[in-house]
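The values are calculated or read from the model by the stated rules, or taken from the named source; none is laboratory data. Quick caveat: nothing in here was measured; it's all calculated off a predicted structure. Neighbour counts run over all protein chains shown; Cβ positions are idealised from the backbone, glycine included. Note: areas computed on protein heavy atoms with side chains; ligands, DNA, RNA excluded. Shrake-Rupley method; radii C 1.70, N 1.55, O 1.52, S 1.80 Å.
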Amino acid sequence: MTVELLVLLIVIVTALAFDFTNGFHDTANAMATSIATGALRPRAAVALSALLNLVGAFLSVAVAATVAKGIVRLDAVQGHDLLIIVFAGLVGGILWNLLTWLFGLPSSSSHALFGGLIGATLAALGWSGVIWAAGSDGVLTKIILPAVLAPIVAAMVSAIGTWLVYRITDKSDPGKREEGFRWGQIGSASLVSLAHGTNDAQKTMGVIFLALVAHGTLTKNAEMPLWVMAACAVAIAAGTYLGGWRIIRTLGKGLVEIESPQGLAAESASAAIILTSAHFGLPLSTTQTATGSILGTGIGKGAEVRWGVMGRMVVAWLCTLPLAGIAGAACWAIAHFIGGLPGVLVVFAILLALSAAIYLRSRRDPVDTSNVNEWPGHPPGVAVDAASGNGSAAAVGATTDAVAEPDRSNRSAQV
């Protein structure tokens, strides 16, 4: 086995590891509201999401083409140098994903990946090595603009949908309305999971494609190999099944107290926007889209929104590209300074060590299926003043009770 082939294998393994973290980091985008409202039990939710992520990964390669050909100027670098750039970018993306997962912040895995790749490319090639804007291609058009518009559009669509849902069902029996919309949520959450696989799994496909081009196995105009699609689909599905409960809790319970009609509106808006972006090859942040949709349900219903939690999310969004870029650039510098296979192995060892440290730190405050619907400091059944963050002794309405312990009369609507 040659050194170049060994480096290629390490890059592919790292790419699949990123895909795995993408899966558990972004499970909340599809399933947080369904778990919060009791439409789906936690384990059933992540299992369904994993299956549909697997299927969605095979539906299109438009986003993969954007990642593979729309960020780095392939004519400016090749061979081992391009492999190191891809590897360093992946490590930067993984570390940011793990760090934000530790703090329960639903930041964008897509932007973590892009930030890592851009940072490594800038360190290696300078400003000219990145495609910033080139007609309909480039970082500005394909990444920055969708990042700004996605949460705003999602919030608007979701707010309108929520307002309409409550107006139409205003005279309905609240119990029957909840039960009916819980069933509807199973379908809408499934659609978001399918859309997530169509959008996010392809980003790792594009990165592996870049590595194969760098190694000389493929040309930049080649078709996406089936084994790459299958490997990425399995990796993201496995990560999704792991859960990512810390972020699920933040989206499901931390931003807005969600009822089933709101959950259906949020998931429907997210799915429509994500599938549209995938069709046009836009590597949209599913996290920002889902968060905007959940925020929109609170606005559309006139419910309280925990703006402090939203503020922390926005800070994480703003920091993702630059901080993942710094991590990617630092990893490239270490690998380049040491040189060759030893440099790659040192960076890989750093990745393993930091990943282990983050995991061990997370075990001090575990979040799993037993407490995913409990917002810290506010036990189930206690109302929360979203503006002040203070709990009161008053009982929450029937919906919040159903979240903590679903009423037996509605168990037929649960999976």
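Against the criterion of solvent-accessible heavy-atom surface with a 1.4 angstrom probe, 249, 43 sort, most first, into 43, 249.
What GluC sites (Glu not before Pro) in the stretch 259-328 are in a loop by DSSP, with at most 14 other Cβ atoms within 10 Å of the Cβ? Sparse-neighbourhood loop GluC sites (Glu not before Pro): 304. In the context of the full protein assembly, residue 8 retains an accessible surface of approximately 10 Å², using a probe radius of 1.4 Å and ignoring ligands and nucleic acids. One decimal place: the segment residue 78-residue 359 gains 97.7 nm when fully extended, by the rule 0.36 nm per residue minus the C-alpha distance.
The listed peptides 140-153, 195-208, ordered by packing as a protection proxy, come out as 195-208, 140-153 (highest mean of other Cβ atoms within 10 Å first).
For the chain, the carbon plus sulfur part of the accessible surface works out to 68%, probe radius 1.4 Å.
Highest average first, the peptides 214-222, 306-314, 29-37 ordered by how many other beta carbon atoms sit within 10 Å of their residues are 29-37, 306-314, 214-222. Of the residues 258, 338, ranked by 1.4 Å probe accessible area with the largest first, the sequence reads 338, 258.
Extension gain for residue 127-residue 337 works out to 73.6 nm (0.36 nm per residue, less the C-alpha to C-alpha distance).
Look at where the Cα atoms of the stretch 1-36 and of the stretch 193-235 average out, and the two centres are 12 Å apart.
At a probe radius of 1.4 angstrom, the accessible area of the stretch 97-168 per residue rounds to 41 square angstrom.
In summary, the lysines within cross-link reach of residue 171, defined as a Cα separation below 21 angstrom excluding same-chain residues under 8 places away, comprise 301. Bridging of residue 142 to lysines at a Cα separation below 18 Å is possible for 69, 203, once same-chain residues fewer than 8 apart are set aside. Multiplying the residue separation of residue 315 and residue 276 by 0.36 nm and subtracting their alpha-carbon distance yields 11.4 nm. Amide H contacts of residue 72: 131, each under 5 Å away and 5 or more positions distant or on a separate chain (H built 1.01 Å from N in the peptide plane; Pro and chain starts excluded). For the pair residue 167 and residue 134, a Förster radius of 35 Å applied to the C-beta separation gives a FRET efficiency near 0.15, rounded to the nearest 0.05.
Between 167, 73, 182, the Gaussian network model of the chain with springs among Cα atoms under 10 angstrom shows the greatest mean-square fluctuation at 167. In the stretch 178-266, a dipole from Cβ-located charges (positive for Lys and Arg, negative for Asp and Glu) runs towards its positive end, and of 234, 248, 209 it is 209 whose Cα lies farthest in that direction. For the stretch 222-273, the per residue solvent-accessible surface stands at 27 Å², with DNA, RNA and ligands left out and a 1.4 Å probe. Going by accessible surface with a 1.4 Å probe and the largest first, 319, 331 read 319, 331.
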